[in-house]
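The values are calculated or read from the model by the stated rules, or taken from the named source; none is laboratory data. Not measured: the values here are computed from a predicted model. Here Cβ is always computed from backbone atoms with ideal geometry, including for glycine, and neighbour counts include all displayed protein chains.
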């Protein structure tokens, strides 16, 4: 499963925090991996938010999309 987010997006961060139990349950019961794709333009803001959200995000599956919102992913 993929999750697009950004350090400046309050609804994104709220959703990340709220879904933790659900995501953990899916990961265990259905062998689902979560991938977090950030559209941040500022690498330092992304790193800071990623660190602050470390208990909610799987660190090994976090990526910064170069080009922010101007990417063809979707």
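Answer yes or no as to whether residue 57 is part of a helix (DSSP H, G or I), modelled with pLDDT under 90 and surrounded by 15 or more Cβ atoms within 10 Å (Cβ to Cβ). Give the derivation first.
Working: part of a helix (DSSP H, G or I): no; modelled with pLDDT under 90: yes; surrounded by 15 or more Cβ atoms within 10 Å (Cβ to Cβ): yes.
Spelling it out, it is not the case that residue 57 is part of a helix (DSSP H, G or I), modelled with pLDDT under 90 and surrounded by 15 or more Cβ atoms within 10 Å (Cβ to Cβ).
Considering only residues that are loosely packed, with under 14 Cβ neighbours inside 10 Å and not in a loop (DSSP other than H, G, I, E, B), look in the stretch 62-74 and name the one that is modelled with the lowest pLDDT.
Once the filter is applied, the top-ranked residue is 68.
Please tell me if residue 3 is modelled with pLDDT under 80, touching a strand residue (DSSP E or B) at 6+ places or on another chain (Cβ under 8 Å) and surrounded by 12 or more Cβ atoms within 10 Å (Cβ to Cβ). Give the derivation first.
On the way: modelled with pLDDT under 80: no; touching a strand residue (DSSP E or B) at 6+ places or on another chain (Cβ under 8 Å): yes; surrounded by 12 or more Cβ atoms within 10 Å (Cβ to Cβ): yes.
The answer is no for residue 3.
Identify all residues within the stretch 25-54 that are modelled with pLDDT under 85, part of a helix (DSSP H, G or I) and either surrounded by fewer than 13 Cβ atoms within 10 Å (Cβ to Cβ) or touching a strand residue (DSSP E or B) at 6+ places or on another chain (Cβ under 8 Å) (or both); write none if there are none.
Within the stretch 25-54, 25, 28, 29, 30 qualify.
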